[in-house]
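For reference, the structure discussed in these notes is given below.
The values are calculated or read from the model by the stated rules, or taken from the named source; none is laboratory data. Since the model is a prediction, treat every value here as computed from it, not as a measurement. In this analysis, Cβ positions are derived from the backbone assuming ideal geometry, glycine residues included, and neighbour counts consider all displayed protein chains.
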Amino acid sequence: MKESEVKKIAVFTSGGDAPGMNAALRAVVRTASFYNIECYGIREGYNGMINNDFIKMGARSVKNIITEGGTILKSARSLEFKTKEGRQKAYDNLVARGIDALVCIGGDGTFTGAKVFSEEFGIRVIGVPGTIDNDIFGTDNTIGYDTALNTAMDAIDKIRDTATSHNRVFFVEVMGRDAGFIALNSGLATGALDILIPERKDSIEELFETFEKAEKAGKSSSIVVVAEGEKLGSIYDIAKATKNGFPDYDIRVVVLGHIQRGGSPSCADRVLASRLGYGAVIGLMNGQNQVMAGMQSNRLVYTPIEEAIKKHNEIDQDLLKISEILAI
Ligand code: ATP
């Protein structure tokens with residue numbers, strides 16, 4: 001068999017779920033179907049691979065899912081796949097079905113697992129970046145990020161209404177794990193007074209200065225967006241320190257949490273997922289292996305999984321500056 005020949009593939013979603021994973025799955029299944037490649041879905045990520053939970057998929061199995069959040073294949077975090085024995089079971093199940101290659105929709109953990117697996121057993125793998133955190137190198141955006149960003153923006157807009165009505169200070173925590181992309185962009189989009197992200201060294205003193213400036217400027221309410229990975233401390237610690245510094249402030253803390261993962265994917269996420277799902281199958285047909293399909297400057301690119309995991313997209317420093325200037 002030529003390296004580029006693929007006859008049977010399997011696709012799965014793994015790690016944290018993200019809106020648009022279904023759209024990506026649809027694109028993978030239908031592209032495979034178009035090119036007469038047999039396609040299996042694996043339920044619950046690596047767990048399903050180990051437990052032999054495969055389902056044959058065709059163009060009609062993915063009908064009506066482009067609008068749906070979550071993932072119809074379900075996702076899971078699999079401890080067993082981190083063991084050699086677990087991966088051996090998974091490989092045996094793939095061999096029994098004659099599967100040539102895997103399309104792995106997930107985040108960096110999913111890609112790390114795929115790379116280990118591919119190096120160990122020689123199975124061909126291609127990644128599709130599906131995570132709300134946008135923390136994957138090799139693509140300008142990950143699938144789910146835009147939807148999560150819009151969910152965070154809508155929620156913070158609503159908080160602004162109540163903040164203004166009561167002259168309150170709100171600290172709002174958004175998701176993103178160790179990355180501040182959701183915080184930075186949702187903060188800019190909602191006109192936050194300050195944005196605390198792990199990529200920048202923040203201090204309580206600077207935060208206090210910002211509050212003092214805001215008071216002088218006549219602001220009576222404000223919103224501070226805090227990334228979940230912020231290094232200054234937990235959002236509760238930051239709020240407590242602020243209360244100590246400004247006892248008169250009426251302070252509230254809101255942790256947006258899992259609503260950011262849900263909902264129907266945005267247009268941008270559906271388009272991205274469709275392009276990357278298609279790109280993954282085309283990549284496999286062209287002999288790609290251990291790479292991730294991504295979009296950079298509106299072009300489909302393949303980045304070695306090794307790089308996608310190890311390197312990081314930088315925060316745009318201009319955005320931080322713009323948000324400071326616009327918050328005066
Ligand atoms: P998100 O960024 O949204 O959390 P993720 O893909 O990074 O998604 P993880 O839970 O980190 O989510 O990884 C998904 C799964 O990948 C793990 O549950 C595990 O089964 C597998 N995995 C991660 N790291 C390894 C590894 N070093 N070796 C084998 N498998 C791994």
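Residues in the range 93-104 that are small (Gly, Ala, Ser) and either within 13 Å of the chain's Cα centre (by Cα) or surrounded by 24 or more Cβ atoms within 10 Å (Cβ to Cβ) (or both): ALA101 only. Residue under question is SER264, and the condition is that it be small (Gly, Ala, Ser) and out of contact with any helix residue (DSSP H, G or I) (no Cβ under 7 Å at 6 or more places or on another chain); does it hold? Yes. Restricting attention to the range 195-232, the residues that are among the charged types (D, E, K, R), assigned to a helix (DSSP H, G or I) and without any contact (Cβ under 8 Å) to a residue 40 or more places away in the chain add up to 6. Can you spot a residue in the range 34-53 that is β-branched (Val, Ile, Thr), out of contact with any Cys (no Cβ under 7 Å at 6 or more places or on another chain) and within 13 Å of THR13 (Cβ to Cβ)? Yes, the conditions are met somewhere in the range 34-53. Is it true that some residue in the range 65-87 is acidic (Asp, Glu), crowded, with 17+ Cβ neighbours inside 10 Å, assigned by TED's automatic domain parsing to the domain that holds SER33 and closer than 22 Å to ILE197 by Cα? No.
When SER75, SER61 are checked against the criterion of being hydroxyl-bearing (Ser, Thr, Tyr) and either in a strand (DSSP E or B) or more than 22 Å from THR147 (Cα to Cα) (or both), SER61 stands alone in meeting it. Just to check your reading of the model, which residue among ASP157, ASP146 is at negative phi and free of Cβ contacts under 8 Å to residues at least 40 places away in the same chain? Within the list ASP157, ASP146, the selection yields ASP157.
Listed by first and then second residue, the pairs linking a residue in the range 46-69 that is free of Cβ contacts under 8 Å to residues at least 40 places away in the same chain and more than 14 Å from PHE81 (Cβ to Cβ) to a residue that is among the acidic types (Asp, Glu) and outside any loop (DSSP other than H, G, I, E, B), with Cβ atoms under 8 Å apart and 6 or more places separating them unless they lie on different chains, are LYS56/GLU38. Scanning the range 105-134 for residues that are more than 6 Å from the ligand (Cβ to nearest atom), part of a helix (DSSP H, G or I) and surrounded by fewer than 24 Cβ atoms within 10 Å (Cβ to Cβ) yields LYS115, PHE117, SER118, GLU119, GLU120, PHE121.
Taking the numbered list (1) within 16 Å of the ligand (Cβ to nearest atom); (2) part of a helix (DSSP H, G or I); (3) aliphatic (A, V, I, L, M) in turn, ALA155 passes all entries but (1).
A single member of THR151, THR139 is surrounded by 23 or more Cβ atoms within 10 Å (Cβ to Cβ), under 20 Å from SER266 (Cα atoms) and not assigned by TED's automatic domain parsing to the domain that holds GLY257, and it is THR139.
Looking at VAL281, VAL271, VAL301, VAL255, just one residue is touching a Phe, Trp or Tyr at 6+ places or on another chain (Cβ under 8 Å) and not charged (D, E, K, R), and that residue is VAL281. For the residues LEU94, LEU73, LEU149, the requirement of being more than 11 Å from the ligand (Cβ to nearest atom), more than 24 Å from ARG177 (Cα to Cα) and out of contact with any Pro (no Cβ under 6 Å at 6 or more places or on another chain) singles out LEU94.
Scanning the range 160-186 for residues that are surrounded by fewer than 20 Cβ atoms within 10 Å (Cβ to Cβ) and on the phi < 0 side of the Ramachandran plot, we see that the one that is nearest to the chain's Cα centre (by Cα) is ASP178.
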